[in-house]
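J.: Starting off with a structure, shown below.
The values are calculated or read from the model by the stated rules, or taken from the named source; none is laboratory data. It should be emphasised that the depicted structure is a prediction, and the values quoted were computed from it without experimental measurement. Note that we place each Cβ from the backbone using ideal geometry, even for glycine, and neighbour counts take in every protein chain shown.
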Amino acid sequence: MELWLSYGSTEVSLELPDDLSYKVLEPKELKPDEKLWKELSEFAANLGRDVGSRGFTILYDHSGDKLSLLILRHLIESFEQYTDKIKVIVSSWRLDPSEGWEDARRGLKEYGVRAEILDVRDRRMEGLTGIKIIKDLLDDSIKLILTTSDPHGLFGKASLREALAFGGFAEINFSEDFQADIMAAWSRLVEELKPWAITVLNDRLYMGDAEDVVKNVYEAECEAPVGAFEALIAGCGGRPRDSTFQLIAHIIGLLRDSVIDGGLVGLVAECSRGLGSRSFMEAVLGSGGTPLDRALARLIQEASEDKRIALITTLPRSIMRRLFNIRCFDAPEEMLTYILRRYTREARILILERPHIKPVRNSMLE
């Protein structure tokens, strides 16, 4: 069997001999069809009938996902029947800052999204009773948050709350308890803005009042029970999702429970832009960093204590081994050879095309 895994802007192949014991965990994906577009049009119509002269402000948090761009285009086409005042403010907190906006801009152009497109980093902040938000959110337009929801190593799920908290729409001084800070900011902003929301989680589309959507997303199950595997090989989605190791570190936390203690978590991630931000490196070296980056550095350290971590990447092998105790390879075949040497040809291997769910060993769920 031959698999192709995204790697930067290209793909790499992995050939699995027939005598190996492996399982490919198939993704759950939402397929765009007439039913989906009809539901989205009906949702847009319900909002559009009440828009009057106010217009729409869409907070679009870009994660590199193409389906969300299709949804955004269809949504705007539906809104255009009711108003020409449509503003899209773009953030991309889950991507490398130097690449996120450019990837979103290219995608918006490619998918023909017609609206006033604004980069959240260029918007002016204004005070709002104990919190600063971008000025655009203080008008009387109908607000809607659009983003994908993904399983996440630190947060469990990265969804609407995180989009508002980290997307640059509000100015938040995070403490060590950043989870509580996210909740507080979300509660405050939802109370003031009364936003609507659209998000995709695996094969489900959630639409409606933002509070209701958040509740449904965080109650949804993203864990996949799996047997006892010695090794995992997973793609990370390619560019722009695998641009830096800082982005991949979250995936290490997400997948660490998918293999037995002492097992190997192997990821395919080009990391063409290097290790990550200065704050992240300060956290890794123990000399500072934001609370989020410090938590991420601890996550990598904890994962490497009971699991072996390996990457197919362009990152320097010596640096990754010294800083993170991570072994690096140039090609999937090298990683597979290493797995079979360490765990024998009887090794059970789990394969994920991309980290769309959280695999968890059955023994940990009992």
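J.: Of the residues LEU255, LEU340, which single one is over 21 Å from the mean Cα position of the chain (by Cα) and not basic (Lys, Arg)?
T.: Numbers: LEU255 fails: over 21 Å from the mean Cα position of the chain (by Cα).
Unique residue meeting the criteria: LEU340.
J.: Still on this structure: How many of the residues in the stretch 154-211 are in contact (Cβ under 8 Å) with a residue 60 or more places away in the chain, small (Gly, Ala, Ser) and assigned by TED's automatic domain parsing to the domain that holds ILE134?
T.: Count: 6.
J.: Right, here's the next one. Can you name every one of the strands (runs of 3 or more DSSP E) wholly within the stretch 255-366 that holds 1 or more residues which are of a type in the set (Gly, Ala, Ser) and touching a helix residue (DSSP H, G or I) at 6+ places or on another chain (Cβ under 9 Å)? Break it down into steps so the answer makes sense when it comes.
T.: Working: elements: 264-268, 308-312, 326-329, 348-352, 358-361.
Counting at least 1 such residues, we get 264-268, 308-312.
J.: Here's a follow-up. Which of the residues spanning the stretch 86-101 are in contact with a helix residue (DSSP H, G or I) (Cβ under 9 Å, 6 or more places away or on another chain) and under 21 Å from ASP136 (Cβ atoms)?
T.: At the first step, the residues of the stretch 86-101 found to be in contact with a helix residue (DSSP H, G or I) (Cβ under 9 Å, 6 or more places away or on another chain) are 86-97, 101.
Listed by number, the residues that qualify are ILE86, LYS87, VAL88, ILE89, VAL90, SER91, SER92, TRP93, PRO97, TRP101.
J.: Mind telling me which of the residues ARG327, ARG298, ARG322, ARG294 ends up being basic (Lys, Arg) and within 23 Å of THR10 (Cβ to Cβ)? First the steps, then the outcome.
T.: Working: ARG298 fails: within 23 Å of THR10 (Cβ to Cβ); ARG322 fails: within 23 Å of THR10 (Cβ to Cβ); ARG294 fails: within 23 Å of THR10 (Cβ to Cβ).
Selected residue: ARG327, the only one of ARG327, ARG298, ARG322, ARG294 that is basic (Lys, Arg) and within 23 Å of THR10 (Cβ to Cβ).
Residues checked against (1) over 27 Å from ALA347 (Cα atoms); (2) in contact with a Pro (Cβ under 8 Å, 6 or more places away or on another chain):
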site	(1), (2)
ASN216	yes, no
CYS222	no, yes
ALA234	no, yes
GLY237	no, yes
ARG256	no, no
GLY262	no, no
ALA269	no, no
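J.: Going by the structure shown, is THR244 in contact with a strand residue (DSSP E or B) (Cβ under 7 Å, 6 or more places away or on another chain), of a type in the set (Ser, Thr, Tyr) and modelled with pLDDT of 95 or more? Break it down stepwise before answering.
T.: Values: in contact with a strand residue (DSSP E or B) (Cβ under 7 Å, 6 or more places away or on another chain): no; of a type in the set (Ser, Thr, Tyr): yes; modelled with pLDDT of 95 or more: yes.
Answer is no for this residue.
J.: Can you go through LEU70, LEU30, LEU59 and tell me which one is assigned to a helix (DSSP H, G or I) and either in contact (Cβ under 8 Å) with a residue 24 or more places away in the chain or closer than 30 Å to ILE351 by Cα (or both)? Even if it seems obvious, please write down each step before you answer.
T.: Details: LEU30 fails: assigned to a helix (DSSP H, G or I); LEU59 fails: assigned to a helix (DSSP H, G or I).
Going through LEU70, LEU30, LEU59 in turn, the sole match is LEU70.
J.: On to the next question. Just wondering, is there one or more residues in the stretch 311-320 that are within 23 Å of the chain's Cα centre (by Cα), surrounded by fewer than 19 Cβ atoms within 10 Å (Cβ to Cβ) and of a type in the set (Gly, Ala, Ser)?
T.: No, there is no match, as no residue in the stretch 311-320 is within 23 Å of the chain's Cα centre (by Cα), surrounded by fewer than 19 Cβ atoms within 10 Å (Cβ to Cβ) and of a type in the set (Gly, Ala, Ser).
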